[in-house]
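The values are calculated or read from the model by the stated rules, or taken from the named source; none is laboratory data. Worth saying up front: this structure is predicted, and the values here are computed from it rather than measured. Glycine also receives a Cβ, built like all others from the backbone with ideal geometry; neighbour counts cover every protein chain displayed. Just so you know, the surface numbers come from the protein's heavy atoms only, side chains and all, with ligands and any DNA or RNA stripped out. Shrake-Rupley method; radii C 1.70, N 1.55, O 1.52, S 1.80 Å.
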Amino acid sequence: MKKEFSLIGLGIASWLGIISIAYTIRIILVDFFIITNIKFPYIHLSYELFYNFIFLIGFYLFLNILKTRKDLNYILLARNWIIVFIVIQIIQFFYTYYIFDFIIENYHDNWNSFYDYEAGQFVKNLASTIGETLRYLGVGLLIYRFIKD
């Protein structure tokens with residue numbers, strides 16, 4: 001029974017860790033694209049693609065480690081994922097606190113224009129929904145493939 005609960009904890013902790021890593025890279029990419037004056041329609045497509053790619057690669061690598069290593073301590077691994085999650089949350093906080101202020105001060109017009117553009121885009125909302133659905137389907141297929149093998 002202890003192993004089942006540690007596996008559930010490991011699944012939740014890894015999910016949070018991988019999502020937080022992917023989301024942090026996503027917000028950094030959006031700000032980078034805004035600073036470099038990438039055209040607005042390409043920004044949204046790019047960060048959705050990068051987010052999905054990082055998310056699915058993260059889960060693929062994680063499942064591959066679980067599959068190949070037989071001597072894993074699930075509780076220790078879950079604890080490490082929780083630490084990764086906390087560190088990433090701290091990085092997001094400091095990024096938002098320092099870098100976001102820098103971007104607003106120096107690239108306010110670009111940033112404002114991008115978010116004004118995105119606010120009225122039906123395609124953006126549709127792409128976000130499709131992207132999220134594809135992420136969950138992709139993880140489901142990865143898990144199914146690893147269980148099947």
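Restricting things to alpha carbons, tell me how big the chain is in terms of Rg and Dmax, in Å.
Computed over the Cα atoms of the chain, radius of gyration and Dmax are 18.0, 56 Å.
Going by accessible area, probe 1.4 Å, with all protein chains left in place, what is the ranking of ILE88, ILE65, largest first?
ILE65, ILE88
Against the longest principal axis of the chain, how steep is helix 74-94, in degrees 0 to 90 to the nearest 10, with axes from Cα atoms?
10
Please list PHE40, PHE59 from largest to smallest accessible area, probe radius 1.4 Å, with all protein chains kept in place.
PHE40, PHE59
Against the longest principal axis of the chain, how steep is helix 40-68, in degrees 0 to 90 to the nearest 10, with axes from Cα atoms?
Value to nearest ten degrees: 10.
Let me know the charge dipole size of the chain about its Cα centre in debye, to the nearest 20, where only the beta-carbon of Lys, Arg (+1) and Asp, Glu (-1) is charged.
The dipole of the chain has a size of about 960 debye.
What's the carbon and sulfur percent of the chain's accessible surface, probe 1.4 angstrom, rounded to a whole number?
Heavy-atom surface of the chain belonging to carbon and sulfur, 1.4 Å probe: 70 percent.
Report VAL87's accessible area, 1.4 Å probe, all protein chains in place, as a number in Å² to the nearest 10.
VAL87 has an accessible surface of roughly 70 Å² with all protein chains in place.
Using alpha carbons only, how many degrees (0 to 90, rounded to 10) separate the axis of helix 122-148 from the longest principal axis of the chain?
For helix 122-148, the angle is close to 20 degrees.
Length gain on complete extension for the stretch LEU126 to HIS108, per 0.36 nm per residue less the alpha carbon to alpha carbon distance?
Using 0.36 nm per residue and subtracting the Cα-Cα distance, I get 3.8 nm.
With all protein chains present, calculate the accessible area of LYS148 using a 1.4 Å probe and round the result to the nearest 10 Å².
Looks like 150 Å² after rounding.
Calculate the spin-label point distance for ILE90 paired with PHE5, positioning each point 7 Å from the Cα along the beta-carbon direction, and give it in nanometres.
With each label point 7 Å from Cα toward Cβ, the separation is 2.8 nm.
Taking R0 as 30 Å, what FRET efficiency do you get between ILE12 and ARG69 from their Cβ-Cβ distance, rounded to the nearest 0.05? Walk me through the intermediate numbers first.
Numbers: r = 20 Å, r/R0 = 0.66.
Plugging the Cβ-Cβ distance into 1/(1 + (r/R0)^6) gives 0.95.
Report the one residue of ILE86, LEU72, GLY17 whose Cα lies farthest in the direction of the positive end of the charge dipole of the chain (charges on C-beta: Lys and Arg +1, Asp and Glu -1; origin at the Cα centre).
LEU72
Can you figure out the FRET efficiency of ASN80 with TYR115, using R₀ = 35 Å and their beta-carbon distance, to the nearest 0.05?
0.45
Could you pull the accessible area for ILE18 with a 1.4 Å probe, rounded to 10 Å²?
It works out to around 10 Å².
Considering only protein heavy atoms, with the full assembly of protein chains and a 1.4 angstrom probe, order ARG26, ARG135, ARG145, ARG79 by accessible area, largest first.
So the residues, ranked largest to smallest area, are ARG79, ARG145, ARG26, ARG135.
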